[in-house]
Amino acid sequence: MKKKIWIGIGGVSLIFLGAFIPTFMKSQNLEKSPSSHSEGSIVELTWMDLQKLDLKTGKLPDDIAKKLTGPVKLPGFIVPLEANVEESTHFLFVPNQAYCVHVPPPPANLMVEVKSRDPVKNKELQGPIWLEGFITLENSQNQFGTAAWQFKGVKHYAYELPK
């Protein structure tokens, strides 16, 4: 009986998250993304791209894997992993602020671990930002759950809504 209740609650959570994430991304105009790299270009990734990682098999569709062969940029929110309240160099990057420290944590394919040379100032933690760099498929465990992705060579700047 307990198993059925747990599955029911989990199913409701997944339905809620499945409905919320695409709605958020559409409202922020974050869904469009080029299909591949041209020389010297930075490809805009979306959370929908990263969500296509099959967590059971570790497989990624070829079109998404092709996007990861060069520099990318991704919009999102920071969840600091350090105690420093003024700035952060080690943090999780997630698609929305609701994923900060809530239980259950977001799925691993919607969490990116970032170790940045340049600290992100506390004031930038209040809203969405862009990250640019190289993203790789590499699991890491932290106090908030498992991140399936790592971001390296990070540059960050404020996210502005399209006009």
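The values are calculated or read from the model by the stated rules, or taken from the named source; none is laboratory data. Not measured: the values here are computed from a predicted model. No Cβ is skipped: glycine too gets one built from the backbone with ideal geometry, and neighbour counts run over all protein chains shown.
A few points about this structure:
- Against the test of being at pLDDT 95 or above and either polar (S, T, N, Q) or crowded, with 20+ Cβ neighbours inside 10 Å (or both), the options Ile135, Ile78 yield a single qualifying residue, Ile135.
- Every residue from segment 45-58 that is at pLDDT 95 or above, out of contact with any Pro (no Cβ under 6 Å at 6 or more places or on another chain) and of a type in the set (D, E, K, R): Asp49, Asp54
- Members of segment 49-78 found to be hydrophobic (A, V, I, L, M, F, W, C) and either at positive phi or touching a helix residue (DSSP H, G or I) at 6+ places or on another chain (Cβ under 7 Å) (or both), listed by number: Leu50, Leu53, Leu55, Ile64, Phe77, Ile78
- Tally, over segment 131-149, of residues that are assigned to a strand (DSSP E or B) and farther than 21 Å from Lys66 by Cβ: 7
- Lone qualifier among Lys115, Lys123 - being over 20 Å from Lys67 (Cβ atoms), basic (Lys, Arg) and not in a strand (DSSP E or B): Lys123
- Filter result for Val94 (surrounded by 15 or more Cβ atoms within 10 Å (Cβ to Cβ) and closer than 23 Å to Ser41 by Cα): no
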